[in-house]
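S.K.: Below: one structure in structure tokens.
The values are calculated or read from the model by the stated rules, or taken from the named source; none is laboratory data. In this text, all values refer to a predicted model and were calculated from it rather than measured experimentally. Ideal geometry is used to build each Cβ from the backbone, glycine not excepted, and the neighbour counts take in all protein chains shown. Calculation scope for accessible area: heavy atoms of the full protein, side chains included, ligands and nucleic acids excluded. Shrake-Rupley method; radii C 1.70, N 1.55, O 1.52, S 1.80 Å.
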Amino acid sequence: MRILEIGCGTGAVTERLVDLGARVTALDQSPEMLERAQERLAGAAPEAVRWLERTASEIDALPEASFDAVVVSFCLSDMSPGERAFTLRQAARLLGADGTLAVADEVIPTRVGERLLHGLLRLPQVLLGWLLAGATSHPIPNLSEELRAAGFVVQREQRWLLGSLAAITAAPAAPER
């Protein structure tokens, strides 16, 4: 299976995918993260992983329909809505007709009570992130809708942590005739 992993970070997901026999193109914009991921997978077969130091918005250079799956873990919430839309449209372009998109990220809970409690519990994390890194992630208001707008059909969505963490699998929508 040919998999594009957008935002591979330290390579934890990459390692799991390689262990399952996938050939992974692992992309991250941080040279430090890529270095840690490469160290983590130092024992993997050389052809198992192709490392790319790029931002997600640079995936438009990759060939159309060149992947069986695209995996995006916890980086969409670090993007602006425009960057997310572009990245998701490109992911649809990069998948073959039978391809799968797998996304896990921080989202805004749908229920009012969960939304309020999540906001209160998240406040210390936001303050700490801002103080230490000068930035923080932004939970996505409606990830499923953004996937549909980018040309995907949502197949399954699961939520945890008061509805603030979503894992979604989706497939490219059939082309209109």
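S.K.: Going through the range 3-27 one residue at a time, which ones are of a type outside the set (S, T, N, Q), open to solvent by 20 Å² or more (accessible area, probe 1.4 Å) and free of Cβ contacts under 8 Å to residues at least 40 places away in the same chain?
M.R.: 12, 15, 16, 18, 19, 20, 21, 23
S.K.: OK, next. Yes or no: residue 104 of a type in the set (Gly, Ala, Ser), in contact with a Phe, Trp or Tyr (Cβ under 8 Å, 6 or more places away or on another chain), assigned to a helix (DSSP H, G or I) and at pLDDT 95 or above?
M.R.: So residue 104 does not fit the description; no.
S.K.: Given the condition in contact (Cβ under 8 Å) with a residue 24 or more places away in the chain, closer than 29 Å to residue 142 by Cβ and open to solvent by less than 30 Å² (accessible area, probe 1.4 Å), answer yes or no: does some residue in the range 28-45 qualify?
M.R.: yes
S.K.: Here's something else I'd like to know. So which of 127, 94 is among the hydrophobic types (A, V, I, L, M, F, W, C) and either under 23 Å from residue 29 (Cα atoms) or touching a residue at least 60 places away in the same chain (Cβ under 8 Å) (or both)? Step through it out loud before you land on a result.
M.R.: Details: 127 fails: either under 23 Å from residue 29 (Cα atoms) or touching a residue at least 60 places away in the same chain (Cβ under 8 Å) (or both).
Among 127, 94, only 94 is among the hydrophobic types (A, V, I, L, M, F, W, C) and either under 23 Å from residue 29 (Cα atoms) or touching a residue at least 60 places away in the same chain (Cβ under 8 Å) (or both).
S.K.: Here is a further query. Which one is surrounded by the most Cβ atoms within 10 Å (Cβ to Cβ), of the residues in the range 53-76 that are in contact with a Leu (Cβ under 9 Å, 6 or more places away or on another chain) and among the hydroxyl-bearing types (Ser, Thr, Tyr)?
M.R.: 55
S.K.: Of all residues in the range 77-103 being among the hydrophobic types (A, V, I, L, M, F, W, C) and in contact with a helix residue (DSSP H, G or I) (Cβ under 8 Å, 6 or more places away or on another chain), which is surrounded by the fewest Cβ atoms within 10 Å (Cβ to Cβ)?
M.R.: Keep residues of the range 77-103 that are among the hydrophobic types (A, V, I, L, M, F, W, C), which gives 79, 85-86, 88, 91-92, 94-95, 97, 101-103.
With the extra rule that they be in contact with a helix residue (DSSP H, G or I) (Cβ under 8 Å, 6 or more places away or on another chain), the set shrinks to 79, 85-86, 88, 91, 94, 101, 103.
Details: 79: 21, 85: 14, 86: 17, 88: 27, 91: 27, 94: 24, 101: 27, 103: 28.
Of everything passing the filter in the range 77-103, 85 is surrounded by the fewest Cβ atoms within 10 Å (Cβ to Cβ).
S.K.: Within the range 140-177, which residues are assigned to a helix (DSSP H, G or I), open to solvent by 30 Å² or more (accessible area, probe 1.4 Å) and not basic (Lys, Arg)?
M.R.: Looking only at the range 140-177, we keep the residues that are assigned to a helix (DSSP H, G or I), and these are 143-149.
Those left that are additionally open to solvent by 30 Å² or more (accessible area, probe 1.4 Å): 145-146, 148-149.
If the condition is that a residue be assigned to a helix (DSSP H, G or I), open to solvent by 30 Å² or more (accessible area, probe 1.4 Å) and not basic (Lys, Arg), then 145, 146, 149 are the ones that fit.
S.K.: Let me ask something else about it. At least 1 residues that are closer than 20 Å to residue 149 by Cα and of a type in the set (A, V, I, L, M, F, W, C) in each: list the strands (runs of 3 or more DSSP E) lying fully within the range 22-90 that qualify. Even if it seems obvious, please write down each step before you answer.
M.R.: On the way: elements: 23-28, 49-53, 67-73.
Filter on the range 22-90 gives 67-73.
S.K.: Any idea which of 80, 66, 73 is more than 16 Å from the chain's Cα centre (by Cα), polar (S, T, N, Q) and within 24 Å of residue 172 (Cα to Cα)?
M.R.: 66
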